[in-house]
Amino acid sequence: MDVKPRILVARQAPAEVLGRLAAHFEVDLHPGEVPLPPEQLRERLRGKAGVFITGTERISAELLDACPELRAVCTMTVGYNHIDVAACSARGVLVTNTPDVLTETTADFGFALLMATARRMAEGERLLRDGRWTSWAWDFLAGAEVHGSTLGILGMGRIGQAIARRGRFGFGMKVIYHNRSRLAASTEAELGARYLSKDELLREADHLVLVLPYSAAAHHCIGSAELALMKPTATLVNIARGGIVDEDALAAALREGRLAAAGLDVFEGEPRVNPALLTLSNVVLTPHIASATLPTRRAMAELAADNLIAALTGARPPTPLNPEILPA
Ligand code: 8YV
């Protein structure tokens, strides 16, 4: 009888997905809600041919060196800043992620966070629950206009474009963007999106949504100098990665009225949240849930499993990040 390859599933996954993986592999599942600490991850990965991870497991060159049998790292995320892809490629380890299946769901959430932030929904709810809704005033909880305003998008990939469509076609917004590479003229025309330099984008946006991938170059690319360029009436929404924003600089700008409001789904040290943000009423805080609908999370888990099964059974994985290491 063939011996099944051994894999580690580092976080709980839907039962159907675990069932599919168990049909192909000998599965070591970490079922806990808290991620495995790095040393336990290393121990559990020894002798495994593949690993199913989420955004909370870091795959470094040192970890790969301790686990030479590893051939595939399949993450149930679209972002992959937690994986040293170059180190994987250098060791012949395939890396896959889960693009596309979460695009629309994540864009829905980005737009919801923009609305909640601009229209002060969380602040209003807290006030009401605390029994502080006692009267009416013409400017009571008055927020910023969303429809017809200028939507800025930093990072115009799949999710950025899906947010642009919501803004343009749903809310009649003017769409401006900045990206490492400019979109094709036909895509710009379809989205009604105008390409600007990063500084121009910061100056002109009424609402700025961050959707760029995180990398060393993107670390704190929104800091005090960038925030100073923004309108004091503007809102900032981050659904990308916490490390993109200098949270201390953001908290200071929000506290001093240099920026109207922020909506944050991601944090630099998550799940820890910078205490300076917790004290501010003009910030909406959500616990990294932009892709969190059951159908989308199932689709992400299925795609990560498809990738892992293909990678270890000699088939072509659907969404490889380092396809150059696959046989031609
Ligand atoms: C994940 C995400 O849910 O896909 C990503 O890159 O940020 C989210 O969709 C999160 O990373 C948890 O795995």
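All of the numbers you see were taken from the coordinates with simple rules; none came from a lab. Bear in mind the structure is a predicted one, so any value in this text is a computation, not a measurement. Counting neighbours? That spans all protein chains shown, and the Cβs are built from the backbone with ideal geometry, glycine included.
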What order do you get for 98-109, 316-327 when each peptide is scored by the mean count of other beta carbon atoms within 10 Å, highest first?
98-109, 316-327
Using a basic spin-label model with each label point 7 Å from the Cα along Cα→Cβ, how many nm lie between Ser60 and Lys198?
2.6
Taking H as built 1.01 Å from N, whose amide H comes closer than 5 Å to the amide H of Leu29, not counting residues under 5 places away?
Val9
Taking a cut-off of 16 Å between Cα atoms, list the lysines near Lys4, but don't count ones fewer than 8 places away on the same chain.
Lys48
How about Lys198: which lysines have a C-alpha closer than 23 Å to its C-alpha, ignoring those fewer than 8 places off in the same chain?
Lys174, Lys231
Asserting the computed 222 nm helical MRE of the chain (DSSP H runs at least 4 long, -39500 (n - 2.57) per run, divided by residue count, to nearest 500) equals -10000 deg cm²/dmol
With a point put 7 Å past each Cα toward its Cβ, work out how far His219 is from Leu278 in nm, to one decimal.
2.6
May I ask for the net charge around Asn274, where only other residues with Cβ less than 15 Å from the Cβ of Asn274 are counted and Lys, Arg are +1 while Asp, Glu are -1?
-3
